[in-house]
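A short write-up of the structure that comes next.
Nothing in this text is a laboratory measurement; each read-out follows from the coordinates by a stated rule. What you see is a predicted model; the values in this text were computed from it and never measured. Positions of Cβ are generated from backbone atoms using ideal geometry, with glycine treated the same way; all protein chains shown enter the neighbour counts.
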Amino acid sequence: MQHADITVTATVSPDFADILGSDALSFVAEVERKFGARRRELMAAREAVQKKLDGGDLPLFLPETADIRRQNWKVRPAPSPLLKRAVEITGPVDRKMVINALNSGADCFMADFEDSSTPTWENMIQGQVNLRDAAHGTISYVNPANGKAYALNADHAVLLVRPRGLHMVEKHVLVGGRPVSAGFFDFALFLWHNAEALLKKGDGPYFYLPKMEHYLEARLWEEVIAFAEDHMGLKRGTVRVTVLIETITAAFQMDEILYELRDHIVGLNCGRWDYIFNFIKRFARRPDFVLPDRGAVGMDQHFLKSYSQLLIQTCHKRGAHAMGGMAAQIPIKTDEALNAAAVAKVRTDKEREALSGHDGTWVAHPGLIPVAREVFDAVMPGQNQLSNLREDVSVTAEDLLTLPKGAITEAGVRSNINVGLLYIAAWLSGMGCVPIHNLMEDAATAEISRTQLWQWRTHGAKLSDGRTIDDALLGAMIDEEVTKLEGETFIGRDYLADAVALFTCLVMDDELEEFLTRPAYELVMDYEFADAA
Ligand SMILES: CC(=O)SCCNC(=O)CCNC(=O)[C@H](O)C(C)(C)COP(=O)(O)OP(=O)(O)OC[C@H]1O[C@@H](n2cnc3c(N)ncnc32)[C@H](O)[C@@H]1OP(=O)(O)O
Ligand SMILES: O=CC(=O)O
Ligand SMILES: [Mg+2]
């Protein structure tokens, strides 16, 4: 399918034709033509920053933006549907889950094209169909497996949409012969099809923006949004965004990100899993930045506590919401005691967030809404805690860069291998979020597992029993873990061989891959190509 200089290389089924109509595609093309080159430049700038960090530089509060941090300004006030967001549920853009999430009793639902979705063509465009039907209030579903029917409740959660990050491209759509930016594609299509319907029912086009690393990336998004509003005849400030702070450099630029997006932003969110991943990745080549087992890197560690407190203080000073993040525990149906322990962990996490001054939090599963709601209701009687300025907090660069304490254990290495393999196999099969050992795993959590192994092997880190993590030890453990999995049943079992090959490259190569989803996406494209042949 081709319109002007935009080409869709995938099959457009009748169900997808409306989403990919010529007006919508022309809009995508306009955005890409105007902003695609700058996105690519900003991705190259990330590489330059990485080189400096590899050479010994540390992130810092930027001198050139000191005035922005010092001056008195606020972001545009939040619209009424976003004033109370104590409990937000998140999930992939799967049709059944969209309905379940909107009906779940949460204040908001973040529909996710990102960490929890494999970007197959089918997932991405069917996701747009599902969200269009949700935004227009017409969504329904019958599960072919059991006949269960799903329909949208009249009173439902407010919808927010997370497009893919700036680092990804959508390879099925070319503008001027080049793949379009995946984030622009998801954003523009959703906005084009749904802004009017959402505004009519008193909501609006609301987004979460992931994985930014610099305030210039926020400036790019601001310009994309302003252009889109003008193009569609929407008043300035109609589109509202919440930005995830999930990179170490962005943690040093929270004021700047709020400032750049001040016409559109309503809050920041502690995307803790990507934050940990990014922290490991950006310092991965430095022997003085080796982290302990993934299980030891919790929000009680000083660097993560500091990041959450700085985010709350910065947001509230600027009139923006400070959203908490995701506890990875999910309900355990098969064991009451284990379930009680999992819910207790979620409670502790939410209590920490609410008592620190966060205005709301995320849950991964509808079964966790009651505990999150109870905690926030108890601590936060009003709609939010914007008036809690946390002037007692003083977070320094050192606080943000204090290494977490803990050991590296054989169990930690094996768990990273097992989870990394299981997750990649699931991802390749089209499932971007799966339960593994009773925890929610998505791209961000799995990235931690594989990056830690790369870092430990690269620096010959010591296990708590004194052994060195070298090629021989890691290779042997990978072989043993693969053998165990060969006898098991799990989501994506058919993709195990490819998952093993990719995972082995990710942890054993001398170069550290920026995002596991990029080579994994190449494989998904290969499968689609083979299916079509
Ligand atoms: C680091 C980050 O980026 S966090 C944000 C990204 N991650 C997420 O959004 C996590 C989303 N969560 C999920 O995908 C799921 O909860 C999983 C994969 C972890 C577990 O899913 P399941 O194994 O299907 O859970 P389970 O069997 O208990 O589900 C019970 C019901 O709840 C529904 N459900 C579970 N999680 C969700 C959710 N997040 N949203 C909506 N419905 C959900 C299921 O669809 C199922 O519905 P049904 O009874 O009508 O069939
Ligand atoms: O997107 C959320 C995260 O924790 O990563
Ligand atoms: Mg994330």
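Based solely on its DSSP helices, what 222 nm [θ] is calculated for the chain when runs of n ≥ 4 H residues each add -39,500 (n - 2.57) and the sum is averaged over all residues, nearest 500 deg cm²/dmol?
Result for the chain: -15500 deg cm²/dmol, rounded to the nearest 500.
The charge dipole of the chain, taken about its Cα centre with unit charges on the Cβ of Lys, Arg, Asp and Glu (plus for the first two, minus for the last two), comes to roughly 1360 debye.
Taking a straight Cα-Cα cut-off under 24 Å and skipping sequence neighbours fewer than 8 places away in the same chain, the lysines within cross-link reach of K148 are K96, K333. Separation of region 303-336 and region 208-273 by C-alpha centroid, Å? Distance between centres, Cα-based: 18 Å. Relative contact order of region 410-532, taken over Cα pairs closer than 8 Å and 6 or more residues apart, is 35 percent.
Scattering from region 410-532 was approximated by placing one identical point on each alpha carbon and applying the Debye formula without solvent; log10 I(q)/I(0) at 0.17 1/Å stands at -0.83. For K201, the lysines whose Cα comes closer than 21 Å to its Cα, not counting residues fewer than 8 places off in the same chain, are K84, K235. When +1 charges are put on Lys and Arg Cβ atoms and -1 charges on Asp and Glu Cβ atoms, the dipole computed for region 324-420 relative to its Cα centre reaches about 300 debye. Footprinting exposure proxy ranking of K171, K345, fewest other C-beta atoms within 10 angstrom first, gives K345, K171. Counting only residues at least eight positions apart within a chain, or on another chain, the lysines with an alpha carbon under 29 Å from that of K281 are K51, K52, K171, K211, K305, K345, K350, K405, K462, K484. In the chain, Cα pairs under 8 Å separated by at least six residues give a relative contact order of 16 percent. Which one of Y141, I257, T11 has its Cα pushed farthest toward the positive end of the charge dipole of the chain, where Lys and Arg give +1 and Asp and Glu give -1 at the Cβ? With unit charges placed on the Cβ atoms, the residue in question is I257.
Note on E196 and R33: their simple-model spin labels are 2.3 nm apart, each label 7 Å out from Cα toward Cβ. Multiplying each eigenvalue of the alpha-carbon gyration tensor of region 1-116 by 5 and taking the square root yields semi-axes of 34, 28, 17 Å, largest first, rounded to whole angstroms.
The alpha carbons of region 200-241 stretch over 35, 19, 11 Å along the principal axes, in descending order.
Counting other Cβ atoms within 10 Å of each Cβ, which GluC sites (Glu not before Pro) in region 427-533 have at most 10 and sit in a DSSP loop? Intermediate results must be reported in sequence, preceding the final value.
On the way: sites: E441, E447, E480, E481, E486, E488, E511, E513, E514, E522, E528; in loops: E488, E511, E513, E514.
For GluC sites (Glu not before Pro) across region 427-533 that sit outside H, G, I, E and B with at most 10 neighbouring Cβ atoms in 10 Å, the list reads E488, E511.
Can you check what the net charge comes to around A197, using other residues whose Cβ is under 14 Å from the Cβ of A197 (Lys, Arg +1; Asp, Glu -1)? Charge balance near A197 sits at -1.
This ranking places D263, D442, D107 by how few other beta-carbon atoms lie within 10 Å of each, fewest first, which gives D263, D107, D442. Spin-label model, R286 to M525: label points 7 Å out along the Cα-to-beta-carbon direction sit 3.3 nm apart.
Where does each of S449, S140, S356 land when they are ranked from fewest to most other beta-carbon atoms within 10 angstrom? Each step should come with its number before you reach the end.
Working: S449 27, S140 11, S356 21.
Arranged by neighbour count, lowest to highest, S449, S140, S356 become S140, S356, S449.
On a full-extension model of 0.36 nm per residue, what is the gain between R40 and D494, subtracting their alpha-carbon distance, rounded to one decimal in nm? Show your work: numbers first, answer last.
Values: separation 454, 0.36 × 454 = 163.44 nm, distance 3.50 nm.
That works out to 159.9 nm of additional length.
Please give the Cα centre distance for region 96-170 versus region 445-507, rounded to the nearest Å. Each part's Cα centre sits 33 Å from the other's.
A crude spin-label estimate for the pair A66 and D399, with each label 7 Å from Cα along the Cβ direction, gives 2.0 nm. Pairwise inverse Cα distances across the chain, averaged and inverted, put the Kirkwood hydrodynamic radius at 23.6 Å.
Each of Y150, Y307, L389 was scored by the projection of its Cα onto the charge dipole of the chain, and the greatest displacement toward the positive side belongs to L389; charges sit on the C-beta of Lys, Arg, Asp and Glu.
Just how large is the dipole of region 154-210 about the Cα centre, in debye to the nearest 20, putting +1 at every Lys and Arg Cβ and -1 at every Asp and Glu Cβ?
Dipole about the Cα centre, nearest 20: 200 debye.
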